[in-house]
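The values are calculated or read from the model by the stated rules, or taken from the named source; none is laboratory data. Small disclaimer: the values here were computed from a predicted structure and weren't measured. A quick note on method: Cβ atoms are made from the backbone with ideal geometry, for glycine too, and the neighbour counts reach across all protein chains shown. Each accessible area value is taken on the protein alone, full model and side chains, heavy atoms only, with ligands, DNA and RNA left out. Shrake-Rupley method; radii C 1.70, N 1.55, O 1.52, S 1.80 Å.
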Amino acid sequence: MSDALDTSALLLPPGPVDLSIIETDAAPGFAGKKKDGKAALAGLGDELADLQERLFAERSVGSERRILLVLQGMDTSGKGGTLRHTVGLVDPQGVRITSFKAPTDEEKQHDFLWRIRHAVPDAGTIGVFDRSHYEDVLVVKVHGWADAEEIERRYDAINAFERELADGGTTIVKCMLHLGVDEQKARLQERLDNPEKHWKYNPGDLDERALWPAYQRAYEIALERTNTDVAPWHVIPADKKWFRNLAIGHLLLEALRSLDLEWPSADFDVEHELRRLAESDPA
């Protein structure tokens, strides 16, 4: 079927990572074309919304289950687009989106995970990290803002943190949006050419682009060191925006399905309440 997507094709295998051999302009696990992909994503909407509402409802009976979607990628890789087109398919009341910018002075006084812990989604919620704790082993490593020993400590701290989350009822879906260097240039060009997109352009993006090889290596190391059983990485080819959205939609749906969500049973006498309702018309 052209709307089926085999997400196993996105799962990063254990061991050393070489991003140069993973295509960015591909649609692994999907046989359809762009129009098929857009239709398939729309087709996920009803089930995504239903399962997300069930997850939200579960917290009324004390469930601690939640989902954390981690979106990590280079500038213009499409984190915002994913939020609009994929996460936007579910009720925003049950979603918490956090975008981690440069740490504030207060945040710098604490361990790098301090601000991350404050953003962990509540029970019953789908949390999204638009950029994440991985900034602290990517940007920091590339710019040399911490020494090698500290970076190594952070890999271990991230693994321990994610295991703690999983043990506490959080299903973690980690997605590295794998963008091609030429595609990034085209997207930056588009932002410069279109006055309506100037607000999205940051001159600092070109400074970071100049460090592309260093970032790719930093990603490879981070992916390898934090690709665990409880929080495996998925590498999402991001040159095709429609495929990026569809792939993450499928991963989110699979995460929700894996919870076997049920509507909470009533903690009151339904028949009694029905009788009361029937008799409740004002005189």
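Taking a straight line from the alpha carbon of LYS34, these lysines sit under 16 Å away, with near neighbours fewer than eight places off in the same chain left out: LYS240, LYS241. Extension gain for the segment TRP199 to PHE268, taken as residue separation times 0.36 nm less the Cα-Cα distance, is 19.6 nm to one decimal.
Can you tell me the length gained on complete extension of the stretch HIS143 to LYS33, counting 0.36 nm per residue apart and subtracting the Cα distance?
Value of the extension gain: 35.7 nm.
Note on the chain: helix-only mean residue ellipticity at 222 nm, from DSSP H runs of 4+ residues weighted -39500 (n - 2.57) and normalised by residue number, equals -14000 deg cm²/dmol. Using θ = phi - 60° in the Karplus curve 6.51 cos²θ - 1.76 cosθ + 1.60, the 3J(HN,Hα) couplings for region 207-216 round to 5, 6, 4, 4, 9, 3, x, 5, 5, 4 Hz; x is entered for Gly and Pro. Of the trypsin sites (Lys or Arg not before Pro) found in region 88-125, the ones in coil according to DSSP and having at most 14 other Cβ atoms within 10 Å of their Cβ are LYS101. Near the amide H of ILE97, within less than 5 Å, lie the amide hydrogens of VAL128, all on another chain or at least 5 residues away, with H placed in the peptide plane. Measuring nothing but how far apart in sequence close Cα pairs (under 8 Å, 6+ apart) lie, relative to its length, region 162-283 scores a relative contact order of 37 percent.
Each eigenvalue of the Cα gyration tensor of region 169-283, multiplied by 5 and square-rooted, gives one semi-axis; in descending order these are 48, 23, 12 Å. Would you mind classifying region 79-230 by shape? Square roots of the alpha carbon gyration tensor eigenvalues, ordered a ≥ b ≥ c; an a/c under 1.5 is rounded, otherwise it is prolate if a/b is larger than b/c and oblate if not. It is oblate, given that a/c is not under 1.5 and a/b is not larger than b/c. Here the Gaussian network model covers the chain, with springs between Cα atoms less than 10 Å apart; of PHE161, PHE243, PHE129, PHE161 fluctuates the most.
Solvent-accessible area per residue in the chain equals 52 Å², computed with a 1.4 angstrom probe and all protein chains kept.
Grab the beta carbon distance between ALA9 and ARG65, set R0 = 30 Å, and tell me the FRET efficiency rounded to 0.05. Walk me through the intermediate numbers first.
Details: r = 27 Å, r/R0 = 0.90.
Computed FRET efficiency for ALA9 and ARG65: 0.65.
Taking 1.306 mPa s as the viscosity and 10 °C as the temperature, the Stokes-Einstein diffusion coefficient of region 142-183 based on its alpha-carbon Kirkwood radius rounds to 123 µm²/s.
Name the shape class, rounded, prolate or oblate, that the alpha-carbon gyration tensor gives for region 56-122, where a ≥ b ≥ c are the square roots of its eigenvalues, rounded holds for a/c under 1.5, and otherwise prolate holds if a/b is larger than b/c and oblate otherwise. The partial results should precede the final answer.
Values: a/c = 2.86, a/b = 1.19, b/c = 2.41.
Verdict is oblate for region 56-122.
Converting phi to 3J(HN,Hα) with the Karplus coefficients 6.51, -1.76 and 1.60 and the offset θ = phi - 60°, region 38-52 yields 5, 5, 5, 5, 4, x, 7, x, 4, 5, 4, 5, 5, 5, 5 Hz in sequence order, with x at every glycine or proline.
Over region 1-137, what per residue volume does the convex hull of the Cα atoms give, in whole Å³? Spell out each step's value before the answer.
Values: hull volume 21.6 nm³, N = 137.
Once divided by residue count, the hull of region 1-137 is 158 Å³.
For region 1-66, the list of trypsin sites (Lys or Arg not before Pro) that fall in a loop by DSSP and count at most 15 other C-beta atoms within 10 angstrom reads LYS33. Candidate cross-link partners of LYS35 among the aspartates and glutamates, defined by an alpha-carbon separation under 14 Å and a same-chain spacing of 8 or more, comprise ASP3.
Computed from the C-beta positions of ALA214 and GLU254 and an R0 of 35 Å, the FRET efficiency is 0.55 to the nearest 0.05. By the rule of a C-alpha distance below 28 Å, with chain neighbours fewer than 8 residues away ignored, the lysines paired with LYS108 are LYS79, LYS141, LYS174, LYS200. Couplings 3J(HN,Hα) of region 121-137, computed from phi: x, 5, 4, x, 10, 8, x, 10, 9, 8, 6, 6, 4, 6, 4, 7, 10 Hz, in residue order, whole Hz [Karplus 6.51 cos²θ - 1.76 cosθ + 1.60, θ = phi - 60°; x for Gly and Pro].
The GluC sites (Glu not before Pro) of region 23-102 that DSSP puts in a loop, and whose beta carbon has at most 14 other beta carbons within 10 Å, are GLU23, GLU64. Taking amide H as placed 1.01 Å from N in the peptide plane, LEU68 has its amide H under 5 Å from the amide H of GLY127, THR171, ILE172, VAL173, each at least 5 places away in sequence or on another chain.
How much length, in nm to one decimal, is gained on full extension between ASP25 and GLN93, taken as 0.36 nm per residue of separation minus their Cα-Cα distance?
Details: separation 68, 0.36 × 68 = 24.48 nm, distance 3.38 nm.
Here the answer is 21.1 nm.
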